[in-house]
Each structure stands twice: as structure tokens, then as C-alpha cells.
1. Of the beta bridges DSSP finds with both residues in the protein assembly as shown, what % are antiparallel, to the nearest 5?
2. Only Cα pairs within less than 10 Å get springs; with that Gaussian network setup on chain B, which residue of B:Ala224, B:Ala16, B:Ala148 has the largest fluctuation?
3. Short version: ³J(HN,Hα) in whole Hz for each residue of the stretch A:357-368, in order, from phi by Karplus 6.51 cos²θ - 1.76 cosθ + 1.60 (θ = phi - 60°), x for Gly and Pro, what are they?
4. For the stretch A:338-407, compute Rh as the Kirkwood radius over C-alpha pairs and then the Stokes-Einstein diffusion coefficient at 37 °C and 0.692 mPa s; write the answer in µm²/s, rounded to an integer.
5. Starting at 0 and stepping by 5 Å, how many percent of the alpha carbon pairs of the stretch A:155-321 end up in each bin?
6. List, largest first, the extents of the alpha carbons of the protein assembly as shown along their principal axes, each in whole Å.
7. Rounded to whole Å and sorted largest first, what semi-axes of the equivalent ellipsoid does the C-alpha gyration tensor of the stretch A:185-227 yield via the square root of 5 times each eigenvalue?
8. Can you list the residues of the stretch B:288-334 whose accessible area drops by at least 30 Å² going from the chain on its own to the full set of protein chains, with a 1.4 Å probe?
There are 2 protein chains.
Amino acid sequence: MNAADLGLPVDVPSTALFTDHYELTMLQAALKGGSADRRSVFEVFTRRLPEGRRYGVVAGTGRVLDAVENFRFDADVIGFLREQRVVDEPTLQWLTSYRFDGDIWGYPEGEVYFPGSPILRVEGSFAQCVLLETVILSILNHDSAIAAAASRMASAAGERPLIEMGARRTHELAAVAASRAAYVGGFTTTSDLAAGFRYGIPTVGTSAHAFTLVHDSERDAFRAQVDSLGRGTTLLVDTYDVAEAVRLAVEVAGPELGAVRIDSGDLLLVAHRVRQQLDELGATKARIIVTSDLDEYAIASLAAAPVDAYGVGTQLVTGSGHPTASMVYKLVARAESADPKAPLVPVAKKSSGGKTSIGGRKWAARRVDEYGTAEAEVIGTGAVPAELSDRQLLVRLVEGGRVVAREPLDVVRERHAAARANLPLSATQLSRGEAVIPTEYV
Amino acid sequence: MNAADLGLPVDVPSTALFTDHYELTMLQAALKGGSADRRSVFEVFTRRLPEGRRYGVVAGTGRVLDAVENFRFDADVIGFLREQRVVDEPTLQWLTSYRFDGDIWGYPEGEVYFPGSPILRVEGSFAQCVLLETVILSILNHDSAIAAAASRMASAAGERPLIEMGARRTHELAAVAASRAAYVGGFTTTSDLAAGFRYGIPTVGTSAHAFTLVHDSERDAFRAQVDSLGRGTTLLVDTYDVAEAVRLAVEVAGPELGAVRIDSGDLLLVAHRVRQQLDELGATKARIIVTSDLDEYAIASLAAAPVDAYGVGTQLVTGSGHPTASMVYKLVARAESADPKAPLVPVAKKSSGGKTSIGGRKWAARRVDEYGTAEAEVIGTGAVPAELSDRQLLVRLVEGGRVVAREPLDVVRERHAAARANLPLSATQLSRGEAVIPTEYV
């Protein structure tokens with residue numbers, strides 16, 4: 001794999017070290033004790049949605065497929081594990097030839113989910129599957145958290161475009177994944193060049209306060225920008241005095257001025273004033289972009305303001321209060337051997353201390369009403385009821401180790417928009433609430 | 001650079017795309033308009049600490065140095081920028097030979113900081129410096145947020161070791177940086193093999209509930225684990241019934257049992273019961289490790305419990321409520337040309353809408369009392385007062401583009417412990433409060 005394939009501008013020789021130490025020690029003990037080959041089913045799910053949230057958004061599935069395909073223990077990695085005595089020689093030998101050759105089913109990326117939804121189901125030998133816990137959860141927990149925040153912001157923004165500009169507020173590579181997840185959730189563009197390079201998301205941007213400040217005057221700065229980037233550029237108007245800057249902007253760029261950006265202050269008030277001023281100056285087509293500490297609530301509060309686009313940073317890349325989706329990866333069933341005919345036995349943690357789960361290999365379906373609106377997330381372990389057979393949510397992603405469900409990001413983005421549109425109307429209320437449809441176990 | 005140098009298991013051919021689109025368009029306009037060569041000073045600082053926090057922790061500096069050194073626009077990157085028409089040909093030509101050749105000063109990594117502290121100061125031409133905004137902020141904002149949470153947890157844990165185990169709750173590469181930052185803040189070990197590989201942080205782990213569940217009985221699981229990992233291993237005792245599991249653990253491993261891990265339930269209550277049971281069974285040296293949804297408050301509440309080590313995941317890697325440090329990168333001074341004799345003119349955003357800052361190239365010093373305890377963060381733009389000349393905080397990190405201040409992570413970790421120890425005692429109170437020392441401008 002090279003940079004263009006796997007997360008740019010980063011070349012990932014292997015994803016096998018995105019693994020917790022205990023996965024390898026479990027493998028060692030299982031290899032020695034004889035349980036390593038037992039046919040196993042692991043599932044990814046979340047026990048609850050983040051407090052107040054009405055739905056979750058599956059994001060990162062495409063990245064999971066890349067990570068699984070690339071999960072290889074090459075010589076460098078084996079050398080490290082040997083030197084640090086993480087596991088014994090027989091285990092290292094086993095790891096050397098590791099290739100995931102099981103099956104993965106999952107909710108298609110962009111789909112919504114609810115408490116208990118079996119978002120991903122990984123099937124294979126215990127040894128094969130147990131190693132994938134950390135890398136799968138890292139990706140899904142991060143990306144789904146960002147996509148959920150993005151989806152709420154996109155609902156609040158309605159038809160207005162959303163610019164992702166949070167790279168500076170999160171880890172430099174988390175930022176690339178965050179741009180991707182934001183796009184899935186409904187964002188339009190990103191400031192992050194790495195996200196443009198890796199995922200083809202359109203990138204945008206013109207200037208910061210530093211550009212104005214490095215010049216002797218705001219007029220010099222605007223002139224330099226317009227000379228170089230054209231009259232259609234976006235001028236940042238809040239370095240000194242907003243009204244004076246707007247006047248200057250139209251003076252320098254003329255009525256063809258593309259847009260002004262406001263990055264501080266009372267955006268509602270300032271946007272109204274700036275719109276009036278732009279119109280009076282004849283720049284009736286100049287757009288207004290606002291970018292200061294926005295979240296879904298601030299975006300919603302600007303619905304009636306003359307704003308043409310929103311740029312969102314911090315609150316997007318930190319999941320707007322919920323930076324992780326708290327998904328878990330649990331063994332839910334296993335057979336006594338590798339024999340495909342050996343029956344799967346449901347298993348689950350049972351101690352009284354909490355964190356219990358429901359054993360068994362699950363299917364999931366979304367029941368809808370006569371208008372196609374979701375009514376319930378139905379989850380079961382037996383046969384799928386006939387009336388739900390065409391509403392099943394899990395699709396095959398990996399078959400015998402081979403990825404069979406790659407898809408363009410735009411398909412994922414459209415799927416999310418459709419899934420959200422089919423939820424009850426209260427799904428997109430920003431106020432705190434419960435999951436918008438119940439989870440039913442049959 | 002190869003994987004071993006730069007963030008493993010990931011090879012980063014270049015960090016130049018960890019950049020916002022607008023940095024390149026500003027560059028283009030500055031190159032055309034003539035301001036690109038102006039000698040400039042950018043500073044990284046934060047306007048406030050996260051709400052309720054009493055000090056911040058500088059982390060990520062070492063990673064920043066790697067990123068700056070590796071900030072190169074190679075053919076792939078130039079090709080992408082050309083194809084997407086991000087900037088014009090003259091700008092692409094300029095980027096092709098980009099190497100940062102300015103100076104960087106900063107707080108040494110591990111040091112504490114306060115509102116206004118000039119954590120990093122980047123000096124060079126406007127064009128050279130303006131490009132580094134995003135990558136510098138991404139690293140410092142992420143790593144410092146994690147280190148601050150880690151530092152509070154380390155205070156709460158006292159002498160007891162802390163295990164970082166949050167990889168599954170954050171982006172897979174953010175996790176590696178989070179392990180590093182946690183180690184700086186006072187954590188002892190990590191579960192993340194990639195962090196062990198890249199930074200030499202000791203990795204630990206033994207087994208999860210899945211290991212118990214894949215076996216026909218808890219006894220089989222414990223026996224398999226002890227057979228493979230030895231009697232000194234840590235057995236997870238909360239899959240079914242904790243008391244029965246503790247009994248089994250000692251039966252299988254004998255009184256030499258290394259430790260038991262409790263991952264759910266009322267940890268205070270359960271730890272006391274388990275300690276008593278272990279002692280009664282003769283396993284008086286078996287340790288108790290707790291790992292369920294801990295944060296600094298939960299750790300503090302267990303201070304009187306018979307707990308030997310804490311494992312922390314979600315709350316660590318999400319900054320315990322504050323996943324980003326909200327640092328900004330601002331132009332604070334610039335000359336009229338590249339001439340080193342041209343005077344630096346302080347600059348700052350001035351609009352009434354907020355986000356204002358203080359112009360001028362700054363020094364910082366920490367004033368201490370007669371016992372060496374910090375009294376104030378003193379920041380100025382003129383001459384350093386004689387009484388503070390040996391208390392200055394900024395050190396040279398990069399000189400003429402050459403990194404001059406690499407240091408081992410253990411040095412950074414010790415520096416943080418010393419810096420925290422020299423704060424007033426109220427610094428490590430977990431209750432919400434103001435910055436523990438005031439910031440004074442002179």
C-alpha cells in the first residue's frame with residue numbers, strides 16, 4: 001500500500017500495531033491452550049447513545065476495511081514483539097503468516113444506528129478475530145462520533161453549505177479522518193489539504209488575520225489578495241473595524257466581491273449589518289461566511305440570519321461534546337472447534353457489575369411505517385421474521401478475507417442523508433432526548 | 001524518514017499537507033504582493049485554560065520538531081496542488097524548495113502553562129512561518145489536552161501506577177500520540193503496541209472477557225492463561241461471579257498469582273472484598289488492578305481502597321472533558337522587509353468582536369517565592385527584568401531551520417513532574433478553579 005491508498009499523506013506499512021498488548025497475550029494463551037481455532041463471532045455495538053442524542057451515525061467502515069486488509073505482522077513488527085518479549089516464539093511464528101480470512105458483515109457506512117445495533121459482525125477463528133478489536137474500535141469510535149456531530153450540524157444548516165475547518169483542533173491524522181466523517185455526515189468542503197488529497201473532498205480557504213496584519217494596512221492586504229486570488233475571493237473583515245473593512249472590501253474588489261468572512265463577535269447582529277452594508281454598496285451577490293466557535297446550536301440560531309455558509313472547527317472535530325462513540329467489540333458466540341458444522345453457542349459477560357451484553361449472532365432490521373419512516377430497530381438471534389426480511393441492515397463487507405464492499409464516499413454521504421430523512425421528524429431536534437426509535441429484541 | 005523515526009507504525013513521507021488550504025492562498029497572495037519576505041514572529045498561546053482547570057501542560061513539542069523538519073512539498077503533493085488548482089505555478093515553484101530555515105523558541109515540553117503563555121514562538125519570513133500554523137496547532141492542541149488530563153490523573157493516583165488503555169476510544173494514530181502525552185503527564189505504561197514501538201513506552205496487558213468466554217468454563221480460561229503466561233499473570237475476574245472467580249484464580253495460579261483485574265461494578269466496594277478474599281486465600285501479594293470508566297475523580301475516590309494500579313481509557317484520550325487545548329497561532333510582530341535590522345512592529349487583531357490578542361515578540365518567566373513555588377507567569381515584550389533573567393521559560397528549539405533541542409521522553413516526563421511539584425498546592429485540587437497563578441504583563 002502506498003500513501004494514495006491508505007490515508008494521506010501517510011504511508012501505513014501495517015495496521016497490525018494498532019493493537020492492545022492483551023490481544024497478543026490472549027492469542028498466545030489460546031494457541032497453547034487449544035481455543036485459538038474455535039469458530040467465533042464478535043460484534044461491535046454500543047450500549048447507549050451519547051447522552052441526549054437521538055441517533056448515531058456509522059462512519060469509518062471504509063477505513064476499517066483498509067485496516068483489516070493491511071493488518072500484517074512484517075519483520076519490523078515481529079522484531080519489536082520479540083525484543084520486548086510481548087509473546088513467545090510459536091505465537092510470533094503464527095503472526096508472521098497472519099491474514100484475516102474470515103467474514104465481516106456490518107451496517108453500511110452512513111447508516112444510522114441505535115443502542116444495541118450490531119454495527120459490525122466479525123466471524124472467523126478466535127485467534128483471527130480477537131486481534132482486530134482495537135483497530136476496528138479506534139476507527140469506528142472516532143469516525144462515528146464526528147459523523148454524528150456533523151449530521152446534527154447539517155440538519156441545523158439546512159441547505160446552506162458547511163465547511164470543515166477543525167484540523168488545528170485535533171491530532172493531525174485524526175483531522176483527516178474527521179474531514180472524511182464530516183463529509184459523510186453532510187459537510188460540503190474542508191480546509192484540510194490532506195483530506196482533499198486522500199479522499200477527494202473539495203478544499204477551500206482564502207486568508208487569515210495574519211495576512212491582514214502582515215501588511216501595512218487592511219487596504220494593502222485586500223488589494224494583494226484580490227490581485228492574486230481574484231475579485232471572487234473571500235475577504236476576512238474582522239481584523240480591525242468590520243464596517244470599514246466591508247467598505248474597503250467592496251472598494252477594492254468591486255461589486256463582484258465573492259464573499260466576506262466574519263470570524264468573531266455576535267454573528268447574528270454582525271451578519272445583518274454586513275448584509276445591509278453589502279447591499280447598499282451594490283455587492284448584492286457577495287456572500288457572508290461565518291466561522292466563529294460554531295456548533296449545531298449556533299448554526300440553528302443563525303437560520304434566519306443572512307448567512308450563506310458556515311465554517312465549523314473545534315466542535316465538529318471533538319464530536320460536539322461527545323468525542324467518542326463508546327462502541328465495544330464483544331465475543332457473542334463461539335463453537336467448540338473450527339468445524340463449520342459445530343453449533344455456535346451464545347456467550348456474554350454476566351457479572352452483576354454491569355457491562356453485560358446479549359449473546360448470540362445477531363441480525364438487525366429497521367421496521368418502518370406505511371410512509372417508510374423508521375419505527376423500531378429490531379434485533380434478533382433466530383430466524384428473521386418474514387415481514388422484516390427485506391429491511392435487514394447488515395451487509396457483507398468481507399468474505400473469506402476479501403473486501404467485497406468498497407464504495408465511493410459520495411455514495412456513503414447520500415446513504416446517510418437518506419437514512420436520516422427516513423427517521424421520525426423528532427430525530428433532528430437539537431434538544432436533548434432519547435433514541436428516536438426503540439430497540440426491540442425478538 | 002522512516003517508520004522508526006516518525007510515528008509508528010506509520011511512515012510519513014511529508015507533513016506538508018497537514019495544512020489548511022488558506023495558508024497556501026495567503027502564500028500565493030503574499031508572494032505576488034511582496035509581503036512574503038517580511039520578517040515575522042508568530043506565537044502559540046491560549047486565551048484561557050479549559051473551564052475549571054488550574055494549569056496546562058505543554059506536550060507535543062518533540063512531535064512538532066519532527067513535523068517541521070519533515071515539512072516538504074514533494075512531487076506527489078505538488079501534483080495534487082496543481083491538479084486541484086489550489087495555488088498558481090509561481091507558488092508551486094516556491095513550495096518545491098520549501099525548507100523551514102527560521103528559528104523556533106518554546107516552553108520546554110512537559111512544562112506547565114497558563115493563559116497567555118507564549119508556548120511556542122516561530123520566527124522567519126511571513127511565507128515560511130504562515131504555512132506551519134495547522135500542523136503545529138494540531139499537534140500541540142491534541143497532545144497538551146491529553147497531557148493535562150493525564151497530569152490530573154497522576155496527581156490523583158499518587159504513587160500508584162497508571163496504565164494508558166484508551167486506544168480503542170480515539171483515532172488509531174491519535175492514540176499513539178495520546179500514549180506519549182499520557183506518559184509525559186505521569187502515566188507509567190500503555191496497552192498500545194504502536195506507542196511501545198514508536199516511543200519505547202512499556203506495554204502491558206493480559207486478557208479480556210472474550211478470552212474467558214471462548215472457553216467452556218472460567219476454570220479452563222484461567223488454566224490456559226496461567227499455563228501460557230505464568231502464575232504472575234493478571235486474571236480478569238468479573239466475567240461471571242467475582243468471588244467465585246477470585247477463588248478459582250488462586251486455586252489455579254496458587255498464592256503466587258500476580259494480580260486480578262476488575263473491570264466493572266462498584267470498584268470501591270469490590271476492591272475491598274477482593275482484597276480480603278485474596279488475603280484469606282493466602283494470595284497476599286496478588287495485586288488488584290481496576291479499569292472501569294475511570295477519570296481523575298474516580299481515581300481520587302479510590303485513594304483509600306486496596307487498589308494497586310489503575311487502567312484509564314476513554315477519559316484520558318478524550319482529555320477528561322476537554323479534548324483540545326484551544327491554542328492559537330498568531331502573527332504578533334513583523335518588519336517591513338527581510339532585513340534583520342528592520343524593526344519589528346507589534347501587530348494584533350483589534351476588532352470589537354473578541355479574539356483580540358497582545359502584539360509584540362514576547363518573553364516569559366515564572367516568578368517564584370523563597371521556597372521555589374510559582375507565584376506568577378510574567379510575560380513581557382521589552383527587556384527582561386534582572387530578577388527574572390534566570391527564570392525565563394522559552395528555550396531555543398530550532399535554529400536556522402536545524403532542530404537543536406531533541407530530548408528523550410523520560411526527560412520530558414521528569415520535567416513535568418518537577419514543574420507540577422513547584423506549583424502552589426492548590427494546583428492539584430481536582431475541584432474547578434481558576435489558573436493557580438496569575439498571568440502578569442510587564
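The values are calculated or read from the model by the stated rules, or taken from the named source; none is laboratory data. The structure presented is a predicted model; accordingly, all values stated were derived computationally and were not measured. Positions of Cβ are generated from backbone atoms using ideal geometry, with glycine treated the same way; all protein chains shown enter the neighbour counts. In case anyone asks, the SASA skips ligands and DNA or RNA and just uses the protein heavy atoms, side chains included. Shrake-Rupley method; radii C 1.70, N 1.55, O 1.52, S 1.80 Å.
1. Of the beta bridges lying entirely in the protein assembly as shown, close to 65 percent run antiparallel.
2. B:Ala224
3. Values, residue by residue: 9, 9, x, x, 6, 10, 10, 9, 9, 10, 7, 10 Hz.
4. The calculation lands on 217 µm²/s.
5. 2, 9, 18, 20, 19, 16, 11, 5, 0
6. Per principal axis, max minus min of the Cα coordinates gives 80, 74, 46 Å.
7. Output for the stretch A:185-227: semi-axes of 29, 9, 9 Å.
8. Relative to the lone chain, where solvent access is computed with a 1.4 Å probe, the stretch B:288-334 loses at least 30 Å² at B:Thr318, B:Pro323, B:Thr324, B:Leu331, B:Arg334.
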